[in-house]
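Please read the structure below before turning to the comments.
Read-outs: derived from the displayed coordinates by stated rules, not from any lab. Everything numeric in this text was worked out from a predicted model, so none of it was measured. All Cβ positions, even for glycine, are placed from backbone atoms using ideal geometry, and neighbour counts span all protein chains on display.
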Amino acid sequence: MEVHIHPIPDQVMLEFGFGTNKNNMINKQSSMRFSNKICVLCLSLFAQIILAQKTVHYDLYVRETEVNFTGKARRAIVVNQQIPMPTLTFVQGDTAEIYVHNELNEETSLHWHGLFLPNKEDGVPNLTQMPIKPHTTHIYKFPIIQNGTHWYHSHTGLQEQIGMYGNFVMLKRKDDPTYRKGIDDLPSIPIVLSEWTDYNPKNVHRMLHNATDWFAIKKNAVQSYSEAIKAGHFKTKLQNEWKRMLAMDVSDVYYDRILMNGKPNTDLKTIDNKKIKGGDKVRLRISNGGASSYFWLTYAGGKMTVVASDGNDVEPVEVDRLLIAVSETYDIVVSIPADSTAYEFLATTEDRTNSASYYIGSGIKQLKSPQPRLKYFEGMKMMNEMMKMNGDLDDMGMSMSLNQMDMNVVMYPEITGDAKQKQDENNPNRYNANALSEIVTLNYAMLKSPTKTDLPIEASTKELKFELTGNMNRYVWSMDNKVVSEADKILIKKGENVRIIIYNGSMMRHPMHLHGHDFRLLNGQGDFAPLKNIVDIMPMETDTLEFNANVEGDWFFHCHILYHMMSGMGRVFSYENQEVNPLIPNPILARRKLNADDRKFHIMTENDFATNGNDGMFMLQNTRWSVNTEWRLGHHDRHGYETETHVGRYIGKMQWLMPFIGFDWRYRKLADGENENNLFDQTSTKDNRRQVSLGVQYTLPMMVQLQSEVYHDGNVRVQLMREDIPIAKRLRMAFMVNTDKEYMAGFKYILGKNLGITAHYDSDMGAGVGITFNY
Amino acid sequence: MNILSILSKIGMVSVMMIYVSCSPKLNPTLVENVTIYGNCSMCKSKIEAAGGLSKFAKVSWNEKTKIATLTYDKSKTNRDQILKKIALAGYDSDAYLAPDDTYANLAPCCQYQRVNKVAIKEKSTDGLIVDINYELDSNSEISDKQDSIKSETLVVNQNQTASPKVDIIEPGIALPDPIAEPITEAPKTNSGTSIGKNITKSTTPNRSTSTAPDKAKNPSPKSSTSKSKTTTPAVKSISQLKPVFDNYFALKDALVKTDATSASAKARTLLAAIKAIKMSDLNTEEHTVWMNVNKKLLAETELIIGYKDVKKQRVSFITLSKHMYNLLKSSNYESDVYYQFCPMANDGKGANWLSKEKAVKNPYYGNEMLTCGKVVEVIK
């Protein structure tokens, strides 16, 4: 029997219709005959109840539209006219048949996150299929052979950030031997968490690569020198810069809104038309569909019981709060303690700048106290202790894993007290949130599978080790210091057990996701290690996971922070001698297109229109390469005109070293009798010079750039420079001095994302004030 | 074009700019009256500060009527937002209940009666639903101080914070049943149910649906007999109760160090000190309180002596501290004593203790959270 379901919910359609009348925002609303569809919907629901084994059909129409979350209209992608994408529900044993109608003017794809399926249905463009071309339809068809809470999202570019995420629920059959009375029969609601930014995500990605501090300004987390002094942490800040670190934060991007099922605030008064009343229990199926945000989950009605993670059952565990990593899912049971009261279920970003709420129950709203602001300078101090001078991390003898020791607790006032209080430095538990306070925070060691999850013992084991690497300054994220395009596929054999040991040597946490398989996370629960497909690894942690290689194909294993993934933080597992994927007719072309993602160049440019001249720069850079042009154009010949271009390649994990080839052109009319010699007594040819140079740039402690170059006429120039010294929240200082006896010092006040005012003094051009535009 | 005409144009532009910058004030402002629960002038300032939003929203709260007048620019904010902010500062309204921990951290004088709190349904194991008198203790902190003589009530009141949490017994959840039973009602497969609908521009202001809760269902809060403070600052000689207090402080220090053996030993000397008190030597005021607390002090001290587990000792210490506080209030001590409070102790219900030092050293957690807590009262 085949059933067709068109997931176009009537009530939402009506609301959209309303919006359309008023604002004419939905562009191409056609081909929707919805009285028909409601009929089919009812029929199909009925059919689903009596017959579990069947093909369930969904039509998904992917369209571009404008949305308005903040008061400003912005481009978004909607599926069946909604954000999030419609919830897709199946029963284990069904066959899914999903038609994706791409009505965009760009390519797309859909990945079924956490699902066991044939590789060609996995939805990774240029790896498991070619992208779905504009105005074509692609059919995904696969059997549903598991149950649990999952989600789905676009795997193309940055589409996930602007609306392409949705709930994907596979229900357990009632005759399943693992069916849990009191859990699997509770009223349940799927909730997908996400974030919204008014900035174009491509711009966000570009700004991250340019080490922008605009997001920190928006979050009030710049951690400048004056703020450090005020907090009594001047030494901490100094040491931090000495170790060449930018201000630390737990998240990279500032978001305007946090959404739960597409809304910042939701009243949940009924489930399946049944009113929620005091004494009830509700199962929340939470997926983190955020592109780069982790969320703290807390509840006003008492403790929460975690019953599943990444779609796999776990023994119920009671917690006060948990942090859900990007792309993880958790099933949580909450109780409604009293009648006539709605209890707040709160999702707060890890940096605590924003949140979204679900009010569960009907009546007066019982709030949950918000998470207090982070003690950033405590975090900075902690990072100073952990960071060695060469950029490696030092765990000081604590072997850390499974989120049990959370270095970030030093920043959490609710665990470690107010900013003023001093921590006991010798306490072995000083990073263990659960030992330090009454608040129970979930960690991976607390997850236990209700059934044995051990792997076939007769199979051989292949062991792989990875280090997660990267640096914040250039926003390069990699594994073993190689990005996807720089590494070969990792070959595994069908039938063998694969054990992966991952160490995070970078300064950010990374949610690592494996496609097509669940792995056991070795967490001290023996044969009952929990099954997951995401593992969040904090800096300095080592985690071990293992799985049985049982489905052929090319499977992506990557960091699920969208901007890290697009920077190339991943690998591809591939089975030896596997069958050719019919959806990849030209594997070489596909691979080239896949590699293009992390090879992309990012533009950065800036120009200062000042009273004494016109200063600016233009930079193109990617993972390894940098092309950089600077110019200083005076208003008259005396001040001179000069440009410098450097083409270089970054070397090493921390990318402090960059050898380059330079091109120089300058003209400056010297006054009579004026003669310019450099510190090495070489005569400068500044009045009219065209030079090629060879040089190196190196980032010194305090993040001062040391540039030494030799020009083809034998002249040598050594230069020290630092821009963007954070003096106050919006005030930056810059200086430059070189052996041509040139120097510059200046201040910049940041007005907006692309605008600032400057005041500077330059040895060639004198003092000036100006307006800076940057992109 | 001469300079004059340019100047006049600049003038015109600046006049227009002034006009533009004035225009926000022309935005329609709304004035509304809402009930916000609170007690005192301290509450007033906190409520008004929490609800205000620079020049866009102003809150003026009347201590007597509990009515707040909200004046706000409806293009910038709304009633719901203002009430939420006030609730997050600790004050209930008819739309929002303050977070329990925020309420518990209000100064004792601010801990108003939470009439909008609905009784928690306790599900006992046999499925009976019992309403628990929620407000049982809501005034214990205040009454503690107001009538220290009536310490009898304190025996009932284990909790010092005003928001006691009633644990809900949850049948089923902790015991997953591996045997699958056929269930007649299938979990509904509401395919395509969508909640997201934020795609429209018509963001209607989020009006709260302030359903006035059924107050009749609320158990009537215990009326606190308001009695003025009885402590008289008369000149007294050093009380003979001093050894009792000294030994109590020693016991507290042992608990700060999380040292069960030492705590047990200190409790033994405390017991001796308590037994050594001759009632006839106490002044009238001390005498009255002593009659009341004597037996309880002995009982808790004996428990502490017996316990090997510091956790259990700490539980007894909560009650002991409470009685000791009453005793100290009736008596006098050579130096100032600080009555301190940790909101997290006693399973999050909070607990007090007495200390000679102002700096917080938490006897309920020791090193785990040494400095958690605050001074709630200085007993001169």
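If you take each beta carbon of peptide B:369-377 and count the beta carbons of other chains within 10 angstrom, what is the mean?
Counting other chains' Cβ atoms within 10 Å and averaging over B:369-377 gives 3.
Along the charge dipole of the range A:254-332, pointing to its positive end and built from +1/-1 on Cβ of Lys, Arg, Asp and Glu, which listed residue (A:T305, A:I332, A:M260) has its Cα farthest out?
A:M260
Using a cut-off of 14 Å between beta-carbons, work out the net charge of the residues near B:S41 (Lys and Arg +1, Asp and Glu -1, B:S41 not included).
+2
In chain A, what % of DSSP beta bridges are antiparallel (nearest 5)? Mind dumping the intermediate values first?
Values: 186 of 230 bridges.
If we restrict to bridges inside chain A, about 80 percent are antiparallel.
Once the other residues with Cβ under 11 Å from the Cβ of A:W555 are scored (Lys, Arg +1; Asp, Glu -1), what is the net sum? The partial results should precede the final answer.
Working: positive: A:K489, A:R571; negative: A:D122, A:E552, A:D554.
So the surrounding residues net to -1.
Dipole size in debye (nearest 20) for the range A:566-717 around its Cα centre, Lys and Arg Cβ +1, Asp and Glu Cβ -1? Spell out each step's value before the answer.
On the way: 18 positive and 19 negative charges, 129 e Å.
It comes to approximately 620 debye.
Two decimals is fine: what is log10 I(q)/I(0) at q = 0.08 Å⁻¹ for chain A, from a Debye sum with one equal scatterer on every Cα and no solvent?
-0.72
At most 13 other Cβ atoms within 10 Å and a DSSP loop assignment: could you name the chymotrypsin sites (Phe, Trp or Tyr not before Pro) in the range A:498-605 that fit? Don't skip to the answer; put the middle values down first.
On the way: sites: A:Y503, A:F519, A:F528, A:F547, A:W555, A:F556, A:F557, A:Y563, A:F573, A:Y575, A:F601; in loops: A:F601.
Filter output for the range A:498-605: empty list.
Taking the Cβ of each residue in B:T35, A:T128, A:T305 as the centre, tally the other Cβ atoms inside 10 Å and list the residues starting with the fewest.
Working: B:T35 17, A:T128 26, A:T305 20.
Ordered by Cβ neighbours within 10 Å, fewest first: B:T35, A:T305, A:T128.
Return, ordered by residue number, the residues of the range A:142-167 whose backbone nitrogen is under 15 Å from a label point located 7 Å along Cα→Cβ of A:A596.
What the label zone holds, given the 15 Å backbone N cut-off, is A:156-158.
What list of ³J(HN,Hα) couplings, whole Hz, do you get for the range A:58-70 from phi and the Karplus terms 6.51, -1.76, 1.60, once you set θ to phi - 60° and write x for glycine and proline?
10, 10, 10, 9, 8, 9, 9, 7, 10, 10, 9, 9, 10
Just grab the label-to-label distance for A:K465 and A:K489, each label 7 Å out from Cα along the Cβ direction, in nm (one decimal).
Rounded to a tenth, the inter-label distance reads 2.6 nm.
Based on DSSP H runs of at least 4 residues, each adding -39500 (n - 2.57), what is the mean residue ellipticity at 222 nm of chain A after dividing by all its residues, to the nearest 500 deg cm²/dmol?
Taken over chain A, the calculation gives -3500 deg cm²/dmol.
Provide B:M344, A:M744, A:M702 in ascending order of the number of other Cβ atoms located within 10 Å of each residue's Cβ, fewest first.
Ordered from fewest to most neighbouring Cβ atoms within 10 Å, B:M344, A:M744, A:M702 come out as A:M702, A:M744, B:M344.
How high is the relative contact order of chain A? Use alpha-carbon pairs under 8 Å, at least six apart in sequence, and give a whole percent.
The normalised contact order for chain A reaches 9 percent.
Starting from the Cα of A:D394, step 7 Å along the direction of its Cβ; do the same at B:E302; then give the gap between the two resulting points in nm.
Spacing of the two 7 Å Cα→Cβ label points: 5.8 nm.
Once fully extended, how much extra length lies between A:L679 and A:Y775, figured as 0.36 nm per residue of separation less the alpha-carbon to alpha-carbon distance?
Full extension from A:L679 to A:Y775 adds 31.0 nm.
Which GluC sites (Glu not before Pro) in the range A:520-579 sit in a loop by DSSP (not H, G, I, E or B) and have at most 14 other Cβ atoms within 10 Å of their own Cβ? Before the final figure, lay out each step's value.
Values: sites: A:E541, A:E546, A:E552, A:E576, A:E579; in loops: A:E552, A:E576, A:E579.
Passing both the DSSP loop test and the Cβ count: A:E576, A:E579.
Can you find, among A:N715, A:F215, A:S357, the residue farthest towards the positive end of the dipole of chain A? Put +1 on the C-beta of Lys and Arg, -1 on that of Asp and Glu.
A:S357
So what are the ³J(HN,Hα) numbers for the range A:478-491, from phi and the Karplus equation (6.51, -1.76, 1.60; θ = phi - 60°), rounded to whole Hz, Gly and Pro as x?
Listing the rounded values in order: 8, 10, 6, 6, 10, 8, 3, 6, 9, 10, 7, 5, 9, 8 Hz.
For B:M291 paired with B:N33, estimate the spin-label separation in nm (one decimal), with each label point 7 Å from Cα along the Cα-to-Cβ line.
Once both label points are built, they end up 5.0 nm from each other.
Sequence-distant or interchain residues sharing an amide H contact under 5 Å with A:E195, placed H: which?
Hits under the 5 Å cutoff: A:L259, A:A291.
Please compute, for peptide A:334-345, the average count of beta-carbon atoms on other protein chains lying within 10 Å of each residue's beta-carbon. Can you show the working numbers first?
Values: counts 0, 6, 2, 9, 13, 8, 8, 7, 4, 1, 4, 0.
Mean partner shielding for this stretch: 5.
Which residue, A:T55, A:M508, A:N533, has the largest displacement toward the positive end of the dipole of chain A when charges sit on each Cβ (Lys, Arg +1; Asp, Glu -1)?
Comparing the listed Cα positions along the dipole, A:T55 ranks first.
Would you mind checking which residues have amide H under 5 Å from A:V476's amide H? H placed 1.01 Å from N; only 5 or more apart, or other chain.
A:N471
For each of A:E328, A:E606, count neighbouring Cβ atoms within 10 Å of the residue's Cβ, then give the residues from fewest to most.
Lowest to highest Cβ neighbour count: A:E606, A:E328.
Taking θ as phi - 60°, what are the ³J(HN,Hα) couplings along the range A:203-215 by the Karplus curve (6.51, -1.76, 1.60), each to the nearest whole Hz, with x for Gly and Pro?
Per-residue couplings from phi come out as 5, 4, 4, 5, 5, 4, 5, 8, 6, 5, 10, 4, 5 Hz.
Just to be sure I follow: if Rg is taken over the C-alpha atoms of the range A:89-203 and Rh is the Kirkwood radius over the same atoms, what is Rg/Rh?
Ratio of gyration radius to Kirkwood radius for the range A:89-203: 1.02.
Please identify which residues in the range B:332-348 have an amide N closer than 17 Å to a label point set 7 Å out from the Cα of B:Q240, following the Cα→Cβ vector.
B:332-333
What trypsin sites (Lys or Arg not before Pro) does the range A:326-379 have in DSSP loop regions with at most 16 other beta carbons within 10 Å? Please report the intermediate quantities before stating the final value.
On the way: sites: A:R352, A:K365, A:K368, A:R373, A:K375; in loops: A:R352, A:K368, A:R373, A:K375.
Loop-located and lightly packed - A:R373.
So which aspartates and glutamates can A:K281 reach, going by Cα to Cα under 15 Å and dropping same-chain residues fewer than 8 places off?
In chain and number order, the partners are A:D184, A:D185, A:D272, A:E318, A:D331, A:D339, A:E344, B:E122, B:D167, B:E170.
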